[in-house]
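To start, the structure under review is shown below, and the notes come after it.
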Amino acid sequence: MNSADILRYVDAIFGYCLKRLNNPEDARDLSQDILCELLAHVDRQQIEHPNAWVWTVAHHQYCRFLRRKARPVCTLEDSDAVLPETEEDDGLDERRAVFRALHSLAQSHREVMVDFYVSGLS
């Protein structure tokens with residue numbers, strides 16, 4: 001099995017995700033996670049039963065997705081993150097709110113926000 005063989009499963013994986021999540025946006029996210037995991041490992045090992053391997057990976061990614069969704073969301077009021085002190089007091093409350101909001105995001109989403117707004121990446 002190689003990377004090109006994974007393409008045969010794209011529509012089936014999306015259907016699997018959509019049927020379980022009943023939300024097209026979440027299904028796209030999960031499908032992407034599954035396909036990335038498959039592509040990351042397809043060339044590393046000899047796969048004797050490709051169909052079973054694909055659906056096992058899909059199931060494991062689905063379980064991870066559900067665990068991530070079940071995590072409690074941290075609100076601004078619940079956050080106990082410490083904001084570095086600055087000499088200026090102008091906008092300190094606003095900076096604290098932004099800092100808390102960023103730390104309430106998942107790490108991958110936080111990195112995207114920082115890369116886009118701070119580093120200027122697209």
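The values are calculated or read from the model by the stated rules, or taken from the named source; none is laboratory data. Source: prediction; values computed, not measured. Here the Cβ is made from the backbone with ideal geometry for all residues, glycine too, and neighbour counts use every protein chain on show. Just the protein is used for accessible areas: all its heavy atoms, side chains included, with ligands, DNA and RNA removed. Shrake-Rupley method; radii C 1.70, N 1.55, O 1.52, S 1.80 Å.
Scanning segment 64-115 for residues being open to solvent by 80 Å² or more (accessible area, probe 1.4 Å), within 26 Å of L21 (Cα to Cα) and modelled with pLDDT under 75 gives a total of 3. Out of segment 1-15, which residues are open to solvent by 60 Å² or more (accessible area, probe 1.4 Å) and assigned to a helix (DSSP H, G or I)? Within segment 1-15, A4, L7, R8, D11, F14 qualify. Pairing each residue of segment 36-62 that is farther than 15 Å from V10 by Cα with any residue that is of a type in the set (F, W, Y), provided the two are 6+ apart or on different chains, yields C-beta distances under 7 Å for I47/W53.
D26 satisfies every condition listed in (1) within 18 Å of S108 (Cα to Cα); (2) open to solvent by 50 Å² or more (accessible area, probe 1.4 Å) except (2).
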